[in-house]
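So the structure is just underneath, and the comments pick up after that.
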Amino acid sequence: MHQRTALRLGPLIVGIGLAITVSCTPSLTDHDGVPGDLTTNRRAWQDLGYTDYSYRFRAICFCVYSREAVEVRVRGGQIREVLDLAGQPLPAVQVQYYYTIERLFDLIQDAQGRNPASLEVRYDPALHYPVLIKVDYLATAIDDELEFRASELVPSR
């Protein structure tokens, strides 16, 4: 009798577990911006005129700069400093692996021109900068996928 009860409850328990997992997984659109056109969002970003700002950046890939999130500080349109989340500056030689917002737009444009297997881009609805860039250049290749996340952009005054 106990075995039959366990067999009947098994699918219910699995279903509850899946429901909890799905409901606790944040929706991409809730937290990572909105889809949109590169040209429209780039123009809207440029119209804001921000050349001094800081933002949080994270690269998720099999690459040199894949690590925890960092704070990128931009002054005059150029990266001036990259800090780890403890507030410590990264070595100057590593700064080359990070992006200004304008360079993130360039990366999207380059990816579009290379006709990737998949490309997903989402933009901040208010400031129009890319908050998510996911690109897979070759569907049949392993570990060529790139994912870049930008958030918490704060213009400097």
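Things to note:
- Order of 118, 54 under a 10 Å beta carbon neighbour criterion, fewest first: 118, 54
- Ranking of 129, 50 by count of other Cβ atoms within 10 Å, fewest first: 50, 129
Rule-based calculations on the coordinates, nothing more; no lab input. Being a predicted model, the structure only gives us computed values, none of them experimental. Cβ coordinates were reconstructed from backbone atoms using ideal geometry, including for glycine residues, and neighbour counts include every protein chain displayed.
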